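> Here's a structure for you.
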Amino acid sequence: MSFADRAAAALGFRLQQIVARKLPEPAPAPAARPEVSELRYRLRRDGLRRELLAECVVLGNESAPAAVRAAAARLAAGGIVELADPAARQEALALAALAQALQGGSVHLIAPAETAAKSWHERLGARFAKLGLRVALLERGMNAAARRAAYACDVVCGTHREIAQDYLRDRLGAGERRGALRSRLGLAEAGDEALMPQGLRCALVDEADLVMLDDSLAPAAIAAEVDQSRERLLYEQALELARALHPDRDFTVDEGGIRLTEPAARLLERLVTPLGGIWSARQRREELVGLALRALHLLQRDADYRVAAGRVEFPAREPDGEEAPAADEELKKLVEVKEGCRLGARRELLARLPMPRFFARYRHLAGACADARSLEGEFWSFYALKTWLAGERQDVPPAAVRVFASSEARNAALVETLRAHAAKGAVVLAARAVRDAQALQSFLQGAQLEGAITLAVLPAVQGLPADARSLLVVGLPDSRRHVEQARRACGAEACELLFALDEEAVAPRLGVFRFSGAFAQAGGELAPRAASLVARHALRAAERASRGIRLDLQAREQQLDDLLAFSGQRE
């Protein structure tokens with residue numbers, strides 16, 4: 001695409017966001033209910049025209065509201081639709097899946113979690129079967145034959161990571177190199193062995209902001225354990241050579257380590273002559289034999305390490321942020337061979353694919369979410385998708401914000417708050433990371449507050465109780481919409497956001513407010529007006545940082561993609 005084309009596309013996106021973001025009224029419904037076979041024929045002949053999409057919607061749900069019909073038509077044509085009501089959003093996705101499936105080819109209905117995918121399958125299975133369409137569920141642990149049968153159905157319900165893993169398996173099986181022609185030839189040669197012979201035709205994504213943006217940082221990857229038989233043979237040879245050397249005569253032990261004498265070095269040279277290979281290099285063989293001598297004479301069982309269940313366990317390293325030297329890793333493996341244990345598993349990355357690049361490979365891509373405000377630019381930057389608003393936005397009451405000068409003050413207030421809310425009903429306690437949730441779990445056990453409290457990690461909202469009375473968010477979330485999504489998912493009447501100024505995720509984002517803790521009230525809590533001001537600033541900074549991380553990752557992946565294309569390596 002030339003610079004002029006990119007500039008014209010960007011201008012069209014900006015104009016659409018300013019003057020035509022709200023979806024227009026849908027096409028009028030047909031007078032009579034269409035026949036499935038006739039509608040399918042016309043869809044394949046004429047494509048997804050506006051009047052044909054209206055017939056698909058009537059065929060799927062004659063009583064669908066106008067906002068749902070407009071959203072379904074837009075999803076079937078492509079783009080991101082913003083629809084606040086969860087039931088209406090799911091109905092629009094179902095009608096769009098119906099239209100795409102009737103046109104022909106497999107439709108991937110992508111959910112953020114496996115529980116949501118199962119819910120989609122239960123909701124659409126019998127309903128689509130009446131129209132002659134098959135709906136399959138893609139689950140973790142399915143064998144290749146079951147996956148192949150699932151992808152042969154008209155609609156496949158599954159998570160994006162399961163589908164991306166299968167796509168990578170097909171690419172590895174076909175031996176893909178860069179280029180569309182070679183990819184098609186590889187799939188043709190694979191024949192029935194390919195899991196998804198139709199490729200990536202159509203994807204309709206539920207909770208598109210969570211799936212396509214928030215979860216875009218971790219790529220899909222396939223790794224396999226490396227054959228370590230040759231590596232083990234090398235360490236066995238090093239240990240045998242070390243056993244042939246005698247203390248004091250062939251080597252000395254001092255504070256600097258183990259030193260080989262010159263006669264010992266000449267002896268090693270004679271011993272390794274038949275071996276050849278890596279043993280021909282003097283520096284490398286003396287290094288390996290020196291490590292083997294350390295494993296034999298300096299490291300003692302039950303003092304420097306212990307053996308349990310056929311594995312060698314070493315003391316945990318201090319979390320200083322530095323990686324272990326390569327010599328230390330080799331020393332550990334020499335000890336494993338010395339004790340007759342298996343070498344520590346080492347996995348080799350066979351293929352990786354960033355999630356944005358995976359979604360971009362679909363010929364048709366669309367998604368729906370509750371609120372896409374401030375995300376329009378990212379959807380356009382990552383996927384070249386415009387964002388549309390269907391219906392009216394739901395007003396979600398803002399969360400009550402409480403800011404504390406220290407984590408100790410916050411935890412003390414959290415105990416009282418949990419007791420007060422738990423007396424009224426179920427409580428959801430949410431954190432921004434798994435590590436924070438684990439710390440909260442230990443805190444709840446110590447405070448004996450494990451009653452009707454459910455722990456959750458943002459932004460995931462699956463599995464939350466639907467009848468919770470209160471939602472308490474501890475720590476600074478990456479985005480305000482994560483709190484709103486969790487509140488909708490659990491139906492909480494009350495919502496509070498509690499964080500401390502000295503938290504690791506908060507302190508770098510406070511800017512001019514970094515000294516606001518000095519004005520805390522009794523108990524270490526800031527006054528409501530000050531807390532609201534600090535929270536707005538910190539949340540805006542957190543959202544900017546999250547957006548910057550995703551855009552930086554996109555630039556890095558583009559650089560990697562250019563390097564791979566130049567070198568001809570697999571992705």
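> Yes or no: the stretch 389-408 includes at least one residue that is free of Cβ contacts under 8 Å to residues at least 60 places away in the same chain and either among the aliphatic types (A, V, I, L, M) or part of a helix (DSSP H, G or I) (or both).
No.
> Right, here's the next one. Yes or no: Ala77 within 27 Å of Ala360 (Cα to Cα), under 36 Å from the mean Cα position of the chain (by Cα) and surrounded by fewer than 23 Cβ atoms within 10 Å (Cβ to Cβ)?
In short, yes.
> Regarding Ala96, is this residue at pLDDT 95 or above, over 24 Å from the mean Cα position of the chain (by Cα) and under 15 Å from Asn61 (Cα atoms)?
yes
> Go through (1) under 23 Å from Thr115 (Cα atoms); (2) surrounded by fewer than 17 Cβ atoms within 10 Å (Cβ to Cβ) one by one and return the number of the condition Ala439 breaks.
(1)
> On to the next question. List the residue pairs whose Cβ atoms are under 9 Å apart, where the first residue sits in the stretch 285-299 and is in the same structural domain as Gly257 (by TED's automatic domain parsing), the second is surrounded by fewer than 16 Cβ atoms within 10 Å (Cβ to Cβ) and among the charged types (D, E, K, R), and the two are 6 or more positions apart or on different chains.
Here the result reads Arg285/Glu269; Gly290/Arg259; Ala292/Glu240; Ala292/Arg243; Leu296/Arg243; Leu298/Asp304, each pair linking the stretch 285-299 to a residue that is surrounded by fewer than 16 Cβ atoms within 10 Å (Cβ to Cβ) and among the charged types (D, E, K, R).
> In addition: Which of the residues belonging to the stretch 73-126 are without any contact (Cβ under 8 Å) to a residue 40 or more places away in the chain and of a type outside the set (Lys, Arg)?
Answer for the stretch 73-126, where residues must be without any contact (Cβ under 8 Å) to a residue 40 or more places away in the chain and of a type outside the set (Lys, Arg): Ala87, Glu91, Ala94, Leu95, Ser119, His121, Glu122, Leu124, Gly125, Ala126.
> Is the stretch 45-61 home to any residue that is closer than 18 Å to Gly78 by Cβ and β-branched (Val, Ile, Thr)?
The answer is yes, given that some residue of the stretch 45-61 is closer than 18 Å to Gly78 by Cβ and β-branched (Val, Ile, Thr).
> Of the residues Ala423, Ala466, which single one is aliphatic (A, V, I, L, M), in contact (Cβ under 8 Å) with a residue 12 or more places away in the chain, surrounded by fewer than 19 Cβ atoms within 10 Å (Cβ to Cβ) and over 28 Å from His537 (Cβ atoms)?
Ala466
> Being farther than 24 Å from Arg556 by Cα and in contact (Cβ under 8 Å) with a residue 40 or more places away in the chain, is that true of even one residue in the stretch 375-387?
Checking the stretch 375-387: at least one residue is farther than 24 Å from Arg556 by Cα and in contact (Cβ under 8 Å) with a residue 40 or more places away in the chain.
> Which is under 27 Å from the mean Cα position of the chain (by Cα), assigned to a helix (DSSP H, G or I), among the polar types (S, T, N, Q) and not assigned by TED's automatic domain parsing to the domain that holds Arg487, of Gln90, Gln17?
Selected residue: Gln90, the only one of Gln90, Gln17 that is under 27 Å from the mean Cα position of the chain (by Cα), assigned to a helix (DSSP H, G or I), among the polar types (S, T, N, Q) and not assigned by TED's automatic domain parsing to the domain that holds Arg487.
> Pairs please, first residue from the stretch 431-451 and assigned to a loop (DSSP other than H, G, I, E, B), second anywhere and not acidic (Asp, Glu), Cβ atoms under 6 Å, 6+ apart in sequence or on different chains.
Partner pairs satisfying both residue conditions: Arg432/Leu458; Arg432/Gly475; Arg432/Pro477; Leu449/Leu418; Glu450/Leu444; Gly451/Ala422.
> Would the stretch 359-366 turn up any residue that is within 24 Å of Asp85 (Cβ to Cβ) and crowded, with 21+ Cβ neighbours inside 10 Å?
Checked against the condition, which is being within 24 Å of Asp85 (Cβ to Cβ) and crowded, with 21+ Cβ neighbours inside 10 Å, the stretch 359-366 yields at least one hit.
> Within the stretch 382-397, track down each residue that is closer than 30 Å to Leu497 by Cβ and either under 19 Å from the mean Cα position of the chain (by Cα) or modelled with pLDDT under 90 (or both).
Correct list: Phe382, Gly391, Glu392, Arg393, Gln394, Asp395, Val396, Pro397.
> Then there's this: Only one of Ala64, Ala97, Ala117, Ala70 is assigned to a loop (DSSP other than H, G, I, E, B) and surrounded by 21 or more Cβ atoms within 10 Å (Cβ to Cβ); which?
Ala64
> Is it the case that some residue within the stretch 138-150 is part of a strand (DSSP E or B), surrounded by 22 or more Cβ atoms within 10 Å (Cβ to Cβ) and not small (Gly, Ala, Ser)?
no
The values are calculated or read from the model by the stated rules, or taken from the named source; none is laboratory data. Since the structure is predicted, the reported quantities are computational estimates derived from the model, not experimental observations. All Cβ positions, even for glycine, are placed from backbone atoms using ideal geometry, and neighbour counts span all protein chains on display.
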